[in-house]
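Contents: one structure, followed by commentary.
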Amino acid sequence: MLLFIEGYPYSLNDIVRDGLTIRDVLKDVVSVPVKEDRYAFGYVGYCYGKAAKDVIFFLPKVVLTGEQNEENGDDTIFGASPQEIIDFESDTVKTKFTEDGCKEYKEFLSTLSIWIYRTISVYKQTHNDNILESKEYQSESRGRKQKHNTLLDVIIALRDFNRNNQDYFTFVAKNVHSGYNKINWNKTIASSQAVIQNGNPVYIKPVNRKKMVNFDEELLVIYFSILNYIRETHGFSFEINVQYPLISCDKLKKSYIERNLGCRRLKQIKYKYFSDKALRIWDLCYAFFDREYKIAMNRQSEDYLLAKDFEHIFEVMIDSLISGNDKQSLPKELTEQRDGKLVDHMFIGQGLIEQSDLTSELTYYIGDSKYYKRSKNDRTSLGDKSIYKQYTYAKNVIQWNMNLFLDGEGNGEQPQLRDPLTEGYNPIPNFFISARIPNKKICGSKFLSFDDKELKAQNDGIQLNRQFENRLFDRDTLLLCHYDVNFLYIVSLYGRNNRSAQTAWREYVRKEFRNKIQSTLSRLYTFRTLQPRYGMDCYQFIQNNFQRLNGKLYRPKTDSNYLILALMKDEDTDIWESLKIKSTTIERETAQSKELLDTLQTHFYVSNPFELETEFHIDSISHVGTLDKQSKSETKNILTGLVRKTDADYTDFYSHAAKSYTMEKIPTSINVMDIRYFLPMVGGDVDGYYKVEKVYFGTKNGMPCLKLNLSSFISLGNNRTPIYCVKMQPGELISYGLMVKLYEQRT
């Protein structure tokens with residue numbers, strides 16, 4: 001196998017093998033410039049070079065993992081220059097790698113070649129465009145033995161033989177089983193007793209005709225077991241119409257392949273075969289178990305498959321595996337936006353704020369796949385153009401969604417991104433996906449693993465766009481995250497074309513997107529739930545304090561009786577520094593956040609800070625108020641009472657620990673049963689008021705009096721001015737002004 005890397009600038013006059021240069025090897029395969037000395041081939045795929053008489057494979061550029069050659073600073077694959085390992089069977093390669101290392105890399109290249117071939121084949125089934133090239137060429141003589149190093153060659157030969165010889169398999173099966181179920185009457189009469197029924201002997205246990213083990217049948221069992229293994233493991237489609245008890249895939253892998261039982265058993269039965277068909281099957285089976293075996297291959301023209309725009313195929317792969325059919329069900333205005341921008345990947349999923357609730361609010365997930373060569377430190381560098389284009393995707397989606405609901409066309413099929421109460425916006429998960437190949441053993445994971453399905457966040461892969469600080473729920477606050485997927489796993493999953501496996505990974509990766517973006521938000525913000533206090537006009541409070549609360553509050557569902565508060569964190573300074581947020585800005589915003597929390601306590605039960613996790617918990621609180629708009633005609637009476645320093649309960653009121661209050665003189669200017677708040681004038685001053693739980697009449701010293709059971713104390717902050725009032729409107733702390741003053745007369 002000759003190995004080339006997509007996009008790598010090769011020196012065309014370098015010798016590859018047998019005096020042939022790169023120009024000589026590739027001139028009958030792809031377009032090679034005549035006058036240029038260096039050239040980068042933009043192909044990915046598999047073909048056969050007549051000049052080199054060998055398989056030529058173009059690997060995708062993501063195999064260049066950013067490691068640099070110490071001598072010339074050139075990109076490397078497996079620590080070697082791509083120019084050095086074109087011929088992986090050369091002595092240069094064997095001296096550069098250990099014997100075990102060379103074997104491991106060869107195994108990797110063989111497997112990768114299968115999945116790239118399968119990926120392009122699956123793409124070809126659903127897309128008829130001009131990025132694929134197929135060409136005919138003269139096949140080698142069928143009688144000539146030839147050495148092949150890739151499992152892909154063997155798989156293609158197995159597939160073609162099965163496709164072209166169905167009649168032969170049917171003939172052998174009929175011949176093998178003919179007469180198998182006929183009764184051997186001599187043995188039946190001699191060994192079993194007859195039962196006489198109606199004058200005729202009846203044999204209950206007849207003896208069937210037994211045949212010796214047929215070696216044609218055993219060879220076909222091995223052959224079809226191999227086809228079944230390739231179908232289950234690599235996703236190739238085979239017709240297996242003959243019913244044989246096949247060897248299980250697990251047994252075939254462990255015993256016949258890993259323990260070399262396949263080669264040993266085939267050698268034991270080879271002398272039994274004389275027909276060309278049987279010998280050809282034997283050759284193919286042996287070549288599968290021993291890939292170094294020389295076989296004659298009969299290649300078909302469709303096996304020459306090259307893609308000259310693999311970036312597009314990668315985008316289609318990611319979209320198929322992540323978006324699935326969901327993208328097709330979205331309105332075209334979202335995916336094909338009016339300014340001409342085409343969204344790569346998009347689907348509707350569970351929102352970031354609420355968790356575990358099946359009825360929780362939904363939001364749009366917007367992604368863009370980046371098929372880039374890895375740079376230093378195994379990173380994918382994104383340009384400003386890509387970043388701001390991704391922001392524009394989200395802004396267009398928000399505006400389209402707003403127009404939908406403003407026009408009254410929101411019928412429940414699309415999530416509503418803006419909360420009418422707080423005018424906060426549901427955060428839109430916005431992300432990049434890059435391809436990478438895990439080329440090192442990390443935490444015991446397998447080297448160059450095709451099984452690693454994990455989604456990994458790229459270091460420093462966070463971008464933040466905003467107009468105001470500390471406003472997560474603002475329409476212009478857009479968080480952009482960057483993740484890597486294992487390219488080897490993606491091509492194997494897409495190439496296998498197994499719908500159930502793809503659906504399972506789609507569910508996994510969508511959940512991972514959500515969890516990882518939630519984790520990032522939890523590093524940036526503290527989250528609290530706000531539940532309205534009973535008797536407080538929280539709706540009016542939000543309207544009166546809109547400027548202070550804008551972008552910080554969000555109501556997850558229109559019928560929920562709680563709000564989510566998000567405020568900037570000041571603990572994790574590293575992430576803020578990476579986003580270029582100044583420390584003075586963080587200090588200013590956190591100080592304002594503390595003042596805001598004190599103000600919110602007057603009208604809301606404020607929970608302890610929590611992080612966005614899988615489960616979402618709302619504290620159970622009795623006598624919770626409402627977020628609904630209240631009628632302006634409703635009034636809440638507040639009773640003012642004077643507490644002197646000489647009073648027995650003065651200390652309780654001064655320390656805000658009072659539980660009750662007795663007014664000996666019952667006021668007559670107001671309806672005392674409507675009293676909801678009590679304002680103690682402690683020594684002629686005040687710093688807060690109490691919520692009244694219960695009002696009733698009683699006696700003291702034989703005289704009628706008014707009794708109040710008090711609950712929570714509500715602070716007025718720094719305002720300690722004496723206040724004279726009897727009533728308060730919903731949502732207002734105190735109605736200022738000179739009004740009727742009611743207080744207990746004490747001597």
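Among 249-259, 618-628, sorting by the average number of other beta carbon atoms lying within 10 angstrom of each residue, highest first, gives 249-259, 618-628. Projecting label points 7 angstrom from Cα along Cα→Cβ for residue 507 and residue 193 puts them 6.0 nm apart. Solvent-accessible surface (1.4 Å probe) assigned to residue 98 amounts to roughly 90 Å².
Reducing the range 479-531 and the range 1-49 to their Cα centroids gives an inter-centroid distance of 39 Å.
How high is the relative contact order of the range 460-542? Use alpha-carbon pairs under 8 Å, at least six apart in sequence, and give a whole percent. Mind showing how you got there, number by number?
Details: 30 pairs, mean separation 14.3, N = 83.
Across the range 460-542, relative contact order equals 17 percent.
Cβ neighbours within 10 Å, averaged per peptide: list 50-62, 264-276 in order, most packed at the top.
On the way: 50-62: 21.1, 264-276: 12.5.
Packing order, densest peptide first, comes out as 50-62, 264-276.
For a protection proxy built on the mean count of beta-carbon atoms within 10 angstrom, sort 642-654, 392-404 highest first, please. Spell out each step's value before the answer.
Details: 642-654: 14.3, 392-404: 18.2.
Packing order, densest peptide first, comes out as 392-404, 642-654.
Extension gain, residue 100-residue 182: 0.36 nm per intervening residue step, less the Cα-Cα distance, totals 24.0 nm. Close amide H partners of residue 21, meaning residues 5 or more places away or on another chain with modelled amide H under 5 Å apart, are 16.
For the range 387-521, averaging the sequence separation of C-alpha pairs within contact (under 8 Å, six or more residues apart) and dividing by the residue count gives a relative contact order of 25 percent.
Distances between every pair of Cα atoms in the range 458-509, grouped in 5 Å steps from 0 to the bin holding the largest one, split as 4, 16, 16, 14, 11, 12, 11, 10, 5, 1 percent.
The values are calculated or read from the model by the stated rules, or taken from the named source; none is laboratory data. The structure displayed is predicted, hence computed values, not measured ones. We place every Cβ from the backbone using ideal geometry, glycine too, and count neighbours over all the protein chains shown. Calculation scope for accessible area: heavy atoms of the full protein, side chains included, ligands and nucleic acids excluded. Shrake-Rupley method; radii C 1.70, N 1.55, O 1.52, S 1.80 Å.
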